[in-house]
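Engineer: Here's a structure for you.
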Amino acid sequence: WDLWLSTLPLKYNADAGKAAHKQLVELFAKKHPVLTNTTPERLRAVLAVCTEIYRSKLSHAELDASIAQAVSGLGEEPLRTLCGGFKEKQQKKLEQMLKTTRAGA
């Protein structure tokens, strides 16, 4: 799993990227134990990939909505703990995800 995560996001093969990113988000949204119940580092890696994909050319509106929903499902406090060392751009995307789900609720 770590090897697969380390190759994401796929930036140079659009079709394979769409499939892999969708699969990652689906597993994350379903709180698959391999992604969410192992080590904090793995969950942090999943979140890092999600922030790179979200609202980028690697995504589309439906995937963005799924990412925002899955990420916000973790709760704000756990996200602060997990993502404290993220870059400013990643932090801003996390905030956007939370705002999006709050506005849609």
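The values are calculated or read from the model by the stated rules, or taken from the named source; none is laboratory data. As the structure is a prediction and not an experimental result, all values here were calculated from the model. Positions of Cβ are generated from backbone atoms using ideal geometry, with glycine treated the same way; all protein chains shown enter the neighbour counts. With ligands, DNA and RNA removed, areas are computed over all heavy atoms of the protein, side chains included. Shrake-Rupley method; radii C 1.70, N 1.55, O 1.52, S 1.80 Å.
Engineer: Just how large is the dipole of the chain about the Cα centre, in debye to the nearest 20, putting +1 at every Lys and Arg Cβ and -1 at every Asp and Glu Cβ?
Structural biologist: 180
Engineer: Expressed in nm to one decimal, what extension gain is obtained for the pair Ala61 and Ala29 from 0.36 nm per residue of sequence separation less their Cα-Cα distance?
Structural biologist: Result for the pair: 9.9 nm of gain on full extension.
Engineer: Now, a different point. Taking only DSSP H segments of four or more residues, each worth -39500 (n - 2.57), what value at 222 nm results for the chain once the sum is divided by all its residues, to the nearest 500 deg cm²/dmol?
Structural biologist: Computed ellipticity for the chain at 222 nm equals -21500 deg cm²/dmol.
Engineer: Can you compute the modelled spin-label distance between Lys99 and Leu3, with each label point 7 Å from Cα toward Cβ, in nm?
Structural biologist: 4.1
Engineer: Also, I was wondering about something else. With a Förster radius of 30 Å, plug the Cβ-Cβ distance of Lys22 and Lys87 into 1/(1 + (r/R0)^6) and report the FRET value to the nearest 0.05.
Structural biologist: 0.80
Engineer: On the protein heavy atoms, probe 1.4 angstrom, tell me the percent of accessible surface of the chain carried by carbon and sulfur.
Structural biologist: Details: 3430 of 6340 Å².
Using a 1.4 Å probe with all protein chains present, the chain comes out at 54 percent carbon and sulfur.
Engineer: From the cross-link list Lys57/Lys93; Lys22/Lys57; Lys11/Lys57; Lys22/Lys89, which pairs have alpha carbons spaced over 18 Å apart? Could the numbers behind the result be given before it?
Structural biologist: Working: Lys57/Lys93 14 Å; Lys22/Lys57 14 Å; Lys11/Lys57 9 Å; Lys22/Lys89 22 Å.
From the list (Lys57/Lys93; Lys22/Lys57; Lys11/Lys57; Lys22/Lys89), the Cα-Cα distance tops 18 Å for Lys22/Lys89.
Engineer: Using a probe radius of 1.4 Å on heavy atoms only, what accessible surface per residue do you get for the chain? Whole Å² is fine. Walk me through the intermediate numbers first.
Structural biologist: Values: 6340 Å² over 105 residues.
So the chain comes to 60 Å² accessible per residue, rounded to a whole number.
Engineer: Along each principal axis of its Cα atoms, how long is the chain end to end? Whole angstroms, biggest number first, please.
Structural biologist: On the principal axes, the chain reaches 33, 29, 26 Å in Cα extent.
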